[in-house]
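S.K.: Here it is: the structure, laid out below.
The values are calculated or read from the model by the stated rules, or taken from the named source; none is laboratory data. The structure displayed is predicted, hence computed values, not measured ones. Glycine also receives a Cβ, built like all others from the backbone with ideal geometry; neighbour counts cover every protein chain displayed. Surface areas here come from the heavy atoms of the whole protein model, side chains and all, with no ligands, DNA or RNA. Shrake-Rupley method; radii C 1.70, N 1.55, O 1.52, S 1.80 Å.
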Amino acid sequence: MGIAAALLLTACGADAPKKDSGTTSGVVAAQDNPALFRDIYKELVDIDTSHSTGSTTVAANAMKKRLLDAGFAESDIQIFEPAQRKGNLVLRFAGSGQRKPLLLMAHLDVVEAKREDGWQTDPYKLTEQDGFYVARGTVDDKAMAAAWVADLIALKGEGFRPDRDIVLALTADEEAGDTNGAQWLMANKPDLMTAEYGLNEGGDSILVDGKPAVQTVQVAEKTYAIYTVEAKSKGGHSSIPTPANAIYSLTAGLNRLSGYRFPASVSDATRDYFAGLATKRSGQEADDLRAAAAGNPSPEVLERLSATPEYNAQLRTTCVATMLKAGEAENALPQTAQATVNCRILPQDDPADIERRFRAALADPGLTVTPEISAAGGISPVDGDVMTAVTAVTKDMFPTSAVSSVMSTGATDSSYARAKGIPMYGISGLYMETGDLERQHGVNERAPIAWLDRSRDFLYRLIKRLSQ
């Protein structure tokens, strides 16, 4: 399917943008939004926004120009660059003020990509290949960033007056780097970012046999935590070993930790997730998922579900050693051994209790434990305006798709907003096969062309439904 056909698939849907004969010169008419979206998308993807060689400032300024050309005022848009090349854009689309603002978030930065790692195309150049757009950021997260910009331009061109301000934040360093843009904005510009609730990445839209099957809405995510575990010993010459050895002490503690399971817990988000998943499974697995969804699974059910890593990560806090550093020389007894342990803490778990359990699992008071825990955000309400709107728009556009809330085991910028009391909802609307979802941080990241503008239209309808 060609580019034009793919991007025009949903241009005439029931809630799609209608022609606005009153559009002023220089402002793109709403019916041109699919073509505009493709242009914005290509421009964003073609800008290198990786941490090592790229610049989100360049991308932010490019989007600022797009918004100015569409009729937004200079005073509506601000660029913040807390670190060199780490620019963030904040736009305020003024509404009537009847309700608190709606926050739209997307990050501009991307995971590092190198052609020599196995990319079939230049990772920083949008390429059409076999019905897909291939490049770094085609999905994560420039599809959403481009959609937000294109949709707000369309609404501006229509003369749409929202009943609340709509705040768009395009941010830096969500993937990795020195300065997380969303975190910085929440800490330093809280008045700009305040909202009744917000929409961001984090949910998945999944195709099964080519048909929309599941739309997940991220209402919670695990708290990201790093524990540095260190052992020390006197050292000495390796030709005269001693009982005290920092490497042995550290690895013994880590081995004990590896055999420990934190307590299982089922939240509102995971109950809904397991209930939805049960309808797609059969036999004992389906029964176990339904039992978990009921909220009080038996030890036998938990044991069976925990054998699947994906289910285990939904059920409990997890901690895993990810880095080791030890010794000073090959012929010297180690004086220091250090491990990095990455923990993902359930939103309903108390980090202080997790640390207590962590230390107890190591079972060695001689080990030094230094925690570094990100802001905990809690769980966004699984009922109310946003879930109602997502369900309604999904059923209208993708009637074969179920809708389910979900807790992310990974991390997004929504955690910083939730920590400030702003309920956040991770959505997509970009339906993909699960194999393509797994490419997002790997090689040959790609977006299905046939579903791309449908995602843009889904987000357009959702914005409109939540702001009128």
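S.K.: Divide by every residue of the chain the summed helix terms, -39500 (n - 2.57) for each DSSP H run of at least 4, and state the resulting mean residue ellipticity at 222 nm, rounded to the nearest 500 deg cm²/dmol.
M.R.: Working: 16 runs with 164 residues, N = 468.
Result for the chain, helices only: -10500 deg cm²/dmol.
S.K.: Further question: For Q120 and A294 in one chain, what is 0.36 nm times their gap in residues minus the Cα-Cα distance, to one decimal in nm? Walk me through the intermediate numbers first.
M.R.: Numbers: separation 174, 0.36 × 174 = 62.64 nm, distance 4.60 nm.
Full extension of this stretch gives 58.0 nm more.
S.K.: Could you go through the range 421-429 in sequence order and give the Karplus-derived ³J(HN,Hα) for each residue, using 6.51 cos²θ - 1.76 cosθ + 1.60 with θ = phi - 60°, rounded to whole Hz, and x for Gly and Pro?
M.R.: x, 9, x, 10, 10, x, 9, 9, x
S.K.: Under a plain spin-label model, where a point goes 7 Å from the Cα along Cα-to-Cβ, how far apart in nm are D163 and Y260?
M.R.: 5.1 nm
S.K.: How many nm is it between the label spots at S52 and T388, if each spot is 7 Å from the Cα in line with the beta carbon?
M.R.: Using points 7 Å along Cα→Cβ, the separation is 4.9 nm.
S.K.: Now, a different point. Dividing the alpha-carbon Rg of the range 28-77 by 2.2 N^0.38 Å yields what?
M.R.: It is 1.27.
S.K.: Turning to a different aspect of this structure: Express in whole angstrom the spacing between the alpha-carbon centres of the range 119-142 and the range 362-421.
M.R.: Value for the Cα centre distance between the two parts: 27 Å.
S.K.: Also, I was wondering about something else. For I79, I40, write out the residues from largest to smallest accessible area, computed with a 1.4 angstrom probe and no ligands counted. Don't jump to the answer; show the numbers that get you there.
M.R.: Details: I79 50, I40 0 Å².
If we order I79, I40 from most to least accessible, we get I79, I40.
S.K.: Let me ask something additional. Pairs of lysines 8 or more apart, or on different chains, with alpha carbons under 22 Å: count those in the range 95-242, would you? List each step's numbers first, then the result.
M.R.: Numbers: K100/K156; K100/K189; K114/K125; K114/K142; K125/K142; K142/K156.
Taking the range 95-242 as the scope, the lysine pair count is 6.
S.K.: Could I ask something else about it? I'd like the distance between the alpha-carbon centres of the range 198-215 and the range 283-322, rounded to an integer number of Å.
M.R.: 22 Å
S.K.: Relative to the longest principal axis of the chain, what angle (0 to 90°, nearest 10) does the C-alpha long axis of helix 351-362 take?
M.R.: Rounded to the nearest ten degrees, it is 40.
S.K.: Once the chain is represented by equal point scatterers at the alpha-carbon sites, with solvent omitted, what log10 I(q)/I(0) does the Debye formula produce at q = 0.06, 0.11 Å⁻¹?
M.R.: Per q value, in the given order, log10 I(q)/I(0) is -0.30, -0.93.
S.K.: Count neighbours as other Cβ atoms within 10 Å of each site's Cβ, and list the trypsin sites (Lys or Arg not before Pro) in the range 262-294 that are DSSP loop with at most 14 such neighbours.
M.R.: Values: sites: R271, K280, R281, R290; in loops: K280, R281.
Qualifying residues, ordered by number: K280, R281.
S.K.: Once you place label points 7 Å from the Cα toward the Cβ at T336 and Q284, how far apart are they in nm?
M.R.: 4.9 nm
S.K.: Measuring from a point 7 Å past the Cα of A73 along Cα-to-C-beta, which residues in the range 170-192 have an amide N at less than 19 Å?
M.R.: Under 19 Å, as judged by backbone N against the label point of A73, lie 192 of the range 170-192.
S.K.: Sticking with this structure for a sec: Please report, to one decimal in angstroms, the Kirkwood hydrodynamic radius of the range 176-311 built from all distinct Cα-Cα pairs. All intermediate terms of the calculation are to be shown ahead of the outcome.
M.R.: Working: mean 1/r = 0.0498 Å⁻¹.
The answer is 20.1 Å.
S.K.: Could you work out how far helix 142-158 tilts from the main Cα principal axis of the chain, as a 0 to 90 degree angle to the nearest 10?
M.R.: Computed tilt is about 30 degrees.
S.K.: Under a straight-distance cross-link criterion of Cα-Cα below 20 Å, which aspartates and glutamates are reachable from K325, leaving out those fewer than 8 residues away in the same chain?
M.R.: Counting by Cα, and skipping residues close in sequence, K325 has these aspartates and glutamates nearby: E230, D364, E372.
S.K.: Okay, next question. With viscosity set to 1.567 mPa s at 4 °C, what whole-number translational diffusion coefficient in µm²/s follows for the range 82-187 from Stokes-Einstein and a Kirkwood radius over Cα pairs? Mind showing how you got there, number by number?
M.R.: Working: Rh = 15.6 Å.
D = 83 µm²/s.
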